[in-house]
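What follows is a set of notes on a single structure, which appears directly below.
Please treat every number below as a calculation from the coordinates, not as lab data. This one's a predicted model, so the numbers in the text were calculated from it and none came from an experiment. In this analysis, Cβ positions are derived from the backbone assuming ideal geometry, glycine residues included, and neighbour counts consider all displayed protein chains.
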Amino acid sequence: MPTFPNALTDRFTLSNGVEIPQVGFGTWQIPDGPETYDSVAAALAAGYRHIDTAQAYGNEESVGRAVRDSGIPRDEIFVTTKLPAEIKDADEARARFARTTGDLDLGAIDLYLIHAPWPWTEIGKDCREGNIAVWKVFEELYGSGAVRSIGVSNFQVPDLESLIEATDVVPHANQIRYFIGHTQPEVTAFCAEHEILVEAYSPLATGGLLENAELQALARKYGRSVAQLSIRYVLDKGLLPLPKTTTPSRIVENADVDFEISVDDIATLDAMDDPTA
Ligand SMILES: NC(=O)c1ccc[n+]([C@@H]2O[C@H](COP(=O)([O-])OP(=O)(O)OC[C@H]3O[C@@H](n4cnc5c(N)ncnc54)[C@H](OP(=O)(O)O)[C@@H]3O)[C@@H](O)[C@H]2O)c1
């Protein structure tokens, strides 16, 4: 049996008791077909056991095939997918879920997320009623065992409050944009209070952190790359990082994060402004 870094084998436990591997492999912007299939296959071979996709990424079919072909038992791989942000109607949500399960073809989904509180073309639109209607479908899916846990993405505190007030199941996770200098303290604190696991998407700021001179100097001090420093930082905050790369050497590098950042250096990172702003 190969041995993998702790970052890949350690797990968080969601509020419903479901365990989730602490580092997830992101697949946004990886085209369906060989690119997605090969990247997911490489990630699984490198020891990742958590794959993050979405119907909007258009690559669920290749993700599913790579997971099935891996030979790894299905219950050892955690698969997250998402209902497209523009779907705010119960019947449409059921139809989209049916399409997702057909495309993935992996049986029960481990975590199903509302991709955003509003359509990406209307950021900030008040979709409270639609989110509640869709969440009730998520609760049905959860109750039936079609999904093992349910959550949201890009939800801020008011979005979470209105959902929690009107429905029964508190989201198990909230996937938000989070990286050094962009740490969303209000929603992160709210999620901690309500036992909602925060997943950090774009932990490298979609590549935006990598050329930062201050981060490069700090990473050098640990003999690590900026990507590794950035992923370790997220884990040190108790959050779940979702790095994406299609480069095989980087797939391995991004999981090799079993090192300790000093308290002083964490404080320095905490005080940094958003390097991408
Ligand atoms: N819920 C949402 O609304 C939402 C939104 C955005 C993202 N996400 C999720 O979060 C995942 C990650 O976010 P992201 O795709 O924005 O990007 P990211 O992980 O922050 O950064 C990815 C970029 O960094 C490069 N990179 C990765 N590792 C590297 C390394 N070790 N050295 C140098 N360059 C490296 C990649 O290049 P190469 O691929 O060329 O190697 C790619 O250009 C997504 O794939 C998706 O699953 C969710």
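Here are the numbers for the structure shown:
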{"item": "Selection status of Val23, of a type in the set (A, V, I, L, M), assigned to a helix (DSSP H, G or I) and within 23 Å of Arg177 (Cβ to Cβ)", "result": "no"}
{"item": "Selection count, segment 162-215, where residues are more than 8 Å from the ligand (Cβ to nearest atom), β-branched (Val, Ile, Thr) and either crowded, with 22+ Cβ neighbours inside 10 Å or under 17 Å from Ser230 (Cα atoms) (or both)", "result": "4"}
{"item": "Filtered residues of segment 155-180 (kept if touching a residue at least 60 places away in the same chain (Cβ under 8 Å) and under 11 Å from the mean Cα position of the chain (by Cα))", "result": "Ala173, Gln175, Tyr178"}
{"item": "Of residues in segment 25-35 being closer than 23 Å to Val198 by Cβ and surrounded by fewer than 18 Cβ atoms within 10 Å (Cβ to Cβ), the one nearest to the ligand (Cβ to nearest atom)", "result": "Trp28"}
